[in-house]
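Undergrad: Got a structure here, written out as structure tokens. Questions coming.
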Amino acid sequence: MEKPKLLLHACCGVCSAYVPELLIPEFDVAVYYENSNIYPQEEYFKRRDAARIMADGFNLPFLEATYSPDAWDDATLGHAEDRENGPRCRLCINFRLDRTFRFAKEHGFSWVATTLSVSRRKNVVQINEVGALLADKYGLSFLGRDWKKMNGETISQDRAKRSGIYRQDYCGCRFSLKKKLAE
């Protein structure tokens, strides 16, 4: 029996170290890197390369969206002072997942999932609400999960450490970098 095609939005290598293993038994998985929020561009490349290494480790196709930081800036305009997990983060998640769903629709995927919820710093309710709305918009299915449950984040971190891939120390956008540098 043929497995349904699932496009897995990956935010980084760390979050991609465990989630694919949970999906592979039920889905034909491809990893999609859409992270136009990442600043600076060198950071974007480090995270992309780490995500690609993890996808290769699972023998999964790795697909990359066009890096579009100006479009991301437009999507989050006016939200520079928002707190983490606030309105700016919801707009960011929506921007990246909307582009993921659009790609999935255009390339014959029937399911979309994201690795975002493997991090304890991410609001899984917010992520899954956005995913459900976009699933309706595009006529696709969204697999909304809290991947950090059952030690998902710990497993991801341990695997990333053992593999020697790049492990970031801030969320990714210039606002989260500014906050980290101020601490």
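Undergrad: When you check residue 135 against the structure, is it part of a helix (DSSP H, G or I) and within 18 Å of residue 119 (Cβ to Cβ), yes or no?
TA: On the way: part of a helix (DSSP H, G or I): yes; within 18 Å of residue 119 (Cβ to Cβ): no.
So residue 135 does not fit the description; no.
Undergrad: May I pose another question? What residue, of 128, 151, is surrounded by fewer than 18 Cβ atoms within 10 Å (Cβ to Cβ) and either within 14 Å of the chain's Cα centre (by Cα) or assigned to a helix (DSSP H, G or I) (or both)? Before you say what the answer is, go through the steps one by one.
TA: Values: 128 fails: surrounded by fewer than 18 Cβ atoms within 10 Å (Cβ to Cβ).
Matching residue, one of 128, 151: 151.
Undergrad: Right, next: Considering each residue of segment 154-183, count those that are part of a loop (DSSP other than H, G, I, E, B) and either β-branched (Val, Ile, Thr) or within 15 Å of the chain's Cα centre (by Cα) (or both), and give that number. Talk me through it step by step, then tell me what you get.
TA: Kept after step one, since they are part of a loop (DSSP other than H, G, I, E, B), are these residues of segment 154-183: 164-173, 183.
Okay, now just the ones that are also either β-branched (Val, Ile, Thr) or within 15 Å of the chain's Cα centre (by Cα) (or both), so 165, 167-168, 170-173.
So the answer is 7.
Undergrad: Restricting the first residue to segment 1-22 and requiring it to be among the hydroxyl-bearing types (Ser, Thr, Tyr), which pairs with a second residue that is crowded, with 24+ Cβ neighbours inside 10 Å and assigned to a helix (DSSP H, G or I) meet a Cβ separation below 7 Å and a spacing of at least six or different chains?
TA: 16/51; 16/54; 18/118; 18/156
Undergrad: May I pose another question? Residue by residue through segment 23-35, note down the ones that are in a strand (DSSP E or B), closer than 13 Å to residue 52 by Cβ and either among the charged types (D, E, K, R) or touching a residue at least 60 places away in the same chain (Cβ under 8 Å) (or both).
TA: So the first thing to find is which residues in segment 23-35 are in a strand (DSSP E or B), and the list is 28-33.
Keeping just the survivors that are closer than 13 Å to residue 52 by Cβ gives 30-33.
Listed by number, the residues that qualify are 30, 32.
Undergrad: Can you list residue pairs whose Cβ atoms sit under 7 Å apart, with the first residue in segment 132-143 being polar (S, T, N, Q) and the second being at pLDDT 95 or above and part of a loop (DSSP other than H, G, I, E, B)? Count only pairs 6 or more apart in sequence or on different chains.
TA: Within 7 Å, the pairs are 141/110.
Undergrad: List pairs: first in segment 82-98 and under 23 Å from residue 6 (Cβ atoms), second part of a loop (DSSP other than H, G, I, E, B) and acidic (Asp, Glu), Cβ under 6 Å, 6+ apart or cross-chain?
TA: Sorted first by the residue in segment 82-98, then by its partner, the pairs are 96/34.
Undergrad: Report, by residue number, each residue of segment 4-22 that is touching a strand residue (DSSP E or B) at 6+ places or on another chain (Cβ under 6 Å), part of a loop (DSSP other than H, G, I, E, B) and surrounded by 23 or more Cβ atoms within 10 Å (Cβ to Cβ).
TA: If the condition is that a residue be touching a strand residue (DSSP E or B) at 6+ places or on another chain (Cβ under 6 Å), part of a loop (DSSP other than H, G, I, E, B) and surrounded by 23 or more Cβ atoms within 10 Å (Cβ to Cβ), then 10 is the only one that fits.
Undergrad: Among the residues of segment 53-103, which ones are within 20 Å of residue 167 (Cβ to Cβ) and in contact with a Gly (Cβ under 8 Å, 6 or more places away or on another chain)?
TA: 53, 54, listed by residue number.
Undergrad: Just one of 77, 63, 97, 91 is aliphatic (A, V, I, L, M) and either at pLDDT below 95 or assigned to a strand (DSSP E or B) (or both); which is it? Walk me through how you get there before you give the answer.
TA: Working: 77 fails: either at pLDDT below 95 or assigned to a strand (DSSP E or B) (or both); 97 fails: either at pLDDT below 95 or assigned to a strand (DSSP E or B) (or both); 91 fails: either at pLDDT below 95 or assigned to a strand (DSSP E or B) (or both).
Residue meeting the stated conditions: 63.
Matching residues to (1) in contact with a Phe, Trp or Tyr (Cβ under 7 Å, 6 or more places away or on another chain); (2) farther than 16 Å from residue 164 by Cα; (3) not aliphatic (A, V, I, L, M):
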residue: 2; (1), (2), (3): no, yes, yes
residue: 8; (1), (2), (3): yes, yes, no
residue: 11; (1), (2), (3): no, yes, yes
residue: 15; (1), (2), (3): no, no, yes
residue: 23; (1), (2), (3): no, yes, no
residue: 27; (1), (2), (3): yes, yes, yes
residue: 30; (1), (2), (3): no, yes, no
residue: 50; (1), (2), (3): yes, no, no
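Undergrad: Quick check on my filter: what residues within segment 51-60 are in a helix (DSSP H, G or I) and surrounded by fewer than 16 Cβ atoms within 10 Å (Cβ to Cβ)? Write out each step before concluding.
TA: Here is the first cut: in segment 51-60, the ones in a helix (DSSP H, G or I) are 51-57.
56, the sole residue that qualifies.
The values are calculated or read from the model by the stated rules, or taken from the named source; none is laboratory data. Predicted, not measured: the structure shown is a model, and the values here were computed from it. Cβ sites come from the backbone with ideal geometry, for glycine too, and all protein chains shown count toward neighbours.
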